[in-house]
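The values are calculated or read from the model by the stated rules, or taken from the named source; none is laboratory data. From a predicted model like this one, the values you see are computed outputs, not experimental measurements. Here the Cβ positions follow ideal geometry from the backbone for every residue, glycine too, while neighbour counts run over all protein chains shown. What goes into the accessible areas is simple: the full protein's heavy atoms, side chains included, and nothing from ligands, DNA or RNA. Shrake-Rupley method; radii C 1.70, N 1.55, O 1.52, S 1.80 Å.
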Amino acid sequence: MGEFEKGIIIPDFHERLTGARYFKGLDALRFYAKMGWDAAYRQLRDELLQLPE
């Protein structure tokens, strides 16, 4: 039985996962902006804007 087949229920899993993506994404945007990596910044920004609200 795999790790994801144990039947563990995580409340609001998808909402929490989306929040984690926003959290890590915003940190990455800060890093890209500081480094001056405009292309990476724009690409990640566009990906974050496509995440569900």
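Relative to the current alpha-carbon distance between residue 15 and residue 53, full extension at 0.36 nm per residue lengthens the span by 12.8 nm.
Which value in deg cm²/dmol, rounded to the nearest 500, describes the helix-derived mean residue ellipticity at 222 nm for the chain, given -39,500 (n - 2.57) per DSSP H run of n ≥ 4 and division by the residue count? The partial results should precede the final answer.
Values: 2 runs with 35 residues, N = 53.
It comes out at -22500 deg cm²/dmol, rounded to the nearest 500.
Solvent-accessible area of the chain (1.4 angstrom probe, protein heavy atoms only): carbon and sulfur portion equals 58 percent.
Compared with the dominant Cα axis of the chain, that is its longest principal axis, helix 13-35 is turned about 20°.
Applying both filters, DSSP loop and at most 15 other Cβ atoms within 10 Å, to the trypsin sites (Lys or Arg not before Pro) of the chain gives 6.
Compute the accessible area per residue over the chain, keeping the other protein chains in place, probe 1.4 Å, unit Å². Show your work: numbers first, answer last.
Details: 4960 Å² over 53 residues.
Value for the chain: 94 Å² per residue.
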